[in-house]
Amino acid sequence: MKIIKNIQQKFGEFVLKSKQKNVSRHIKAVGFDKAIEIGVLYDATNRNDCETVKHFVNYLIEERKKVLALGYINSKDSSEIVKAHLNYNYFDNKNLSKILIPKGKEIENFINTPYSILIDLTTKPCFQTKYIATLSKARFKVGASGDYRDGTCDLTISLTENKSMEYFIIQLKHYLKMIHN
């Protein structure tokens, strides 16, 4: 089964590379003070990470930011686990094509929205979030260093000592508050 997944992902990577050539966006470093619309992308499979993201999204809303979080749940049917609501959308394996590419109206809208900042909170390899982050039309993309994020994100934050999402968010707040333009 793992061999089939690897083959599917290779085809998905090929499609992503061809689509990536057509992505055009106006890159501009934006800090928290100037950001209006923020997209948050994350792996929502782990319930603890979901809670951490909820606290972070609430923080951004308190800072008067328009936020949309998109979480990927590595499951065949997540409708029993979570429901999409105001600032949160989710997708699972039934929202993937045969070559593991995320599909659906919410995903297309997320990719095509020119967020002031796209925050990729994924810290482990995940093709589905890679696909969305790579094709996103966000003006400024931020993520943890490593894997696909080094080539996709405009700002990467090294997590050498602590790879937890909580630590990453603390670092993210610190560095994005330092950017003034």
Q) Only one of L70, L60 is part of a strand (DSSP E or B) and not small (G, A, S); which? A) L70
**Q.** Considering residues of region 21-38 that are among the aliphatic types (A, V, I, L, M) and under 22 Å from L176 (Cα atoms) only, the residue modelled with the highest pLDDT
**A.** I38
Q) Any idea which of (1) part of a helix (DSSP H, G or I); (2) touching a residue at least 24 places away in the same chain (Cβ under 8 Å) is the one D150 doesn't satisfy? A) (2)
Q: Would you check which residues across region 158-181 are of a type outside the set (D, E, K, R), loosely packed, with under 12 Cβ neighbours inside 10 Å and touching a residue at least 40 places away in the same chain (Cβ under 8 Å) and list them?
A: M178, H180, N181
Q: Examine region 39-48 for a residue that is at pLDDT below 95 and surrounded by fewer than 14 Cβ atoms within 10 Å (Cβ to Cβ), and state whether such a residue exists.
A: yes
Q | Test set (1) over 19 Å from V15 (Cα atoms); (2) exposed (fewer than 15 other Cβ atoms within 10 Å of the Cβ) - G151 fails condition number | A | (1)
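Each row is one residue, and each column tells you yes or no for (1) part of a helix (DSSP H, G or I); (2) touching a Gly at 6+ places or on another chain (Cβ under 8 Å); (3) in contact (Cβ under 8 Å) with a residue 60 or more places away in the chain; (4) surrounded by 14 or more Cβ atoms within 10 Å (Cβ to Cβ).
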| position | (1), (2), (3), (4) |
| --- | --- |
| F11 | yes, no, yes, yes |
| K17 | yes, no, no, no |
| K28 | no, no, yes, no |
| D33 | no, no, yes, no |
Q. Has region 27-39 got at least one residue that is under 16 Å from the mean Cα position of the chain (by Cα) and not β-branched (V, I, T)?
A. yes
Q | Odd one out for N109 among (1) within 24 Å of V23 (Cβ to Cβ); (2) in contact (Cβ under 8 Å) with a residue 12 or more places away in the chain | A | (2)
**Q.** Hits in region 123-151 - residues which are touching a helix residue (DSSP H, G or I) at 6+ places or on another chain (Cβ under 7 Å) and among the aromatic types (F, W, Y)
**A.** F127, Y131, Y148
Q. If you go through region 113-135, how many residues are hydroxyl-bearing (S, T, Y), under 9 Å from the mean Cα position of the chain (by Cα) and not in a helix (DSSP H, G or I)?
A. 1
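The values are calculated or read from the model by the stated rules, or taken from the named source; none is laboratory data. This is a predicted model, so every value here is computed, not measured. Note that we place each Cβ from the backbone using ideal geometry, even for glycine, and neighbour counts take in every protein chain shown.
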